[in-house]
Amino acid sequence: MATIADIFELMRKSPMNDWVGGSDPEAVGGASVQIVQRLTTIHNGASRVLDFGCGIGRGLVALRKMGVAPKEIVGMDIMPPVIDFCNQNIQPNIDNVKFELINDRNDHYDQFISSNNGKSRDELAEQYRSNFHVGYAFSVFTHVTKKDFGGLLKFISAMMAPGGRFVMTCFELNEFSRYMIDHGQSIFPLENRVMQEGGKVMIANDYDPLAFIAFDRELVAQMVSDAGMAITKVEYGCWMGGGIGSSLQDVFVCTKLPDLISRENIKMTALVDRSKMG
Ligand SMILES: C[S@@+](CC[C@H](N)C(=O)[O-])C[C@H]1O[C@@H](n2cnc3c(N)ncnc32)[C@H](O)[C@@H]1O
């Protein structure tokens with residue numbers, strides 16, 4: 001039986017670690033799940049967790065290394081070789097973990113997909129409808145088209161339980177990031193950037209458009225809302241320069257709209273009654 005240390009060692013030796021962004025897999029996974037733990041609550045033995053675009057499982061193995069043991073963790077990805085890696089090296093060694101291959105495409109990753117007999121978005125949405133209390137997607141929405149961004153959010157939202165928290169990273173175009181990019185401050189090389197969709201989408205270069213893609217703040221908010229979720233927290237990353245942010249990418253917490261409770265069950269907070277002040 002492989003230990004968590006063994007699994008990270010296999011990741012280090014695998015060329016697939018570079019497909020999913022490179023660097024030390026244990027450090028990258030650890031940094032990601034620290035964010036998840038800070039921004040969500042995962043109950044051991046009770047929560048069901050989705051790792052969307054899991055790659056070789058750096059995040060979910062790091063989660064277990066931290067002692068987090070939810071009722072279920074499901075990793076989903078579109079690349080058959082990474083799901084094979086996870087099924088061979090992670091699933092037999094870590095409890096309550098399973099992996100799903102999604103039959104989908106992505107121009108940035110299609111070179112690693114020769115054939116795909118995975119499940120469709122619709123099949124998975126049906127299988128996991130309202131299932132997950134916590135979800136996360138690290139460095140996935142930094143590599144998808146605008147059309148996929150909206151479609152994937154709807155797919156994920158269908159699988160989230162009401163009130164569930166979905167943590168995603170992306171690059172947001174806003175007043176600050178636009179200013180910093182225009183003044184050459186970003187820590188990514190963006191000299192050859194191309195603006196699309198009337199300035200609402202930015203790619204770093206046009207030869208591999210999904211290597212780096214950023215989206216306007218209002219566009220992201222609209223797509224999250226169209227998917228039946230709401231942005232309930234944002235932590236900006238340091239990608240645009242200026243030394244702000246604790247992580248590289250911007251981190252969004254999207255909350256699936258909760259089931260409503262009746263008014264009599266709401267604990268009210270009284271307003272200060274100024275008419276009684278002397
Ligand atoms: C940069 S890698 C990050 C992998 C992993 N989240 C990590 O942090 O190690 C992006 C991942 O998103 C996956 N991906 C891209 N498009 C996807 C889609 N439409 N549905 C699910 N996963 C997708 C890729 O196959 C790849 O594994």
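Quick notes on this one:
- Taken together, the residues in segment 154-165 that are in contact with a helix residue (DSSP H, G or I) (Cβ under 8 Å, 6 or more places away or on another chain) and not in a helix (DSSP H, G or I) amount to 1.
- Residue count for segment 27-42, restricted to those that are open to solvent by 50 Å² or more (accessible area, probe 1.4 Å) and either out of contact with any strand residue (DSSP E or B) (no Cβ under 8 Å at 6 or more places or on another chain) or among the hydrophobic types (A, V, I, L, M, F, W, C) (or both): 5.
- Lone qualifier among 77, 51, 107, 84 - being of a type in the set (D, E, K, R) and away from the ligand (no atom under 11 Å from the Cβ): 84
- Just one of the listed residues (17, 44) is at pLDDT 95 or above and either within 10 Å of the ligand (Cβ to nearest atom) or in contact with a Lys or Arg (Cβ under 8 Å, 6 or more places away or on another chain) (or both), namely 17.
- Segment 116-153, residues that are open to solvent by 20 Å² or more (accessible area, probe 1.4 Å), in a loop (DSSP other than H, G, I, E, B) and more than 12 Å from the ligand (Cβ to nearest atom): 117, 129, 130, 131
- When the residues of segment 242-261 are filtered to those that are open to solvent by less than 50 Å² (accessible area, probe 1.4 Å) and at pLDDT 95 or above, the one that is farthest from residue 162 (Cα to Cα) is 249.
- Close pairs from segment 181-195: first outside any strand (DSSP E or B), partner open to solvent by 90 Å² or more (accessible area, probe 1.4 Å), Cβ under 9 Å, at least 6 apart: 184/191; 185/179; 192/206; 192/207
- Put simply, of 102, 156 the only residue that is within 10 Å of the ligand (Cβ to nearest atom), farther than 30 Å from residue 261 by Cβ and not aromatic (Phe, Trp, Tyr) is 102.
- Filtered residues of segment 197-223 (kept if over 14 Å from residue 172 (Cα atoms) and either open to solvent by 20 Å² or more (accessible area, probe 1.4 Å) or without any contact (Cβ under 8 Å) to a residue 60 or more places away in the chain (or both)): 197, 198, 205, 206, 207, 208, 209, 211
- Residue 97, sole failed condition from (1) among the hydrophobic types (A, V, I, L, M, F, W, C); (2) more than 22 Å from residue 47 (Cα to Cα); (3) away from the ligand (no atom under 14 Å from the Cβ): (2)
- Residue 151 being of a type in the set (Gly, Ala, Ser), within 15 Å of residue 52 (Cβ to Cβ) and touching a strand residue (DSSP E or B) at 6+ places or on another chain (Cβ under 6 Å): no
- Per the listing 240, 268, the residue uniquely without any contact (Cβ under 8 Å) to a residue 12 or more places away in the chain and assigned to a loop (DSSP other than H, G, I, E, B) is 268.
- Exactly one residue out of 62, 69 is of a type in the set (Gly, Ala, Ser), more than 29 Å from residue 222 (Cα to Cα) and open to solvent by less than 20 Å² (accessible area, probe 1.4 Å), and it is 62.
The values are calculated or read from the model by the stated rules, or taken from the named source; none is laboratory data. Computed from a predicted structure; not experimentally measured. All Cβ positions, glycine included, derive from the backbone under ideal geometry; neighbour counts span all protein chains shown. Calculation scope for accessible area: heavy atoms of the full protein, side chains included, ligands and nucleic acids excluded. Shrake-Rupley method; radii C 1.70, N 1.55, O 1.52, S 1.80 Å.
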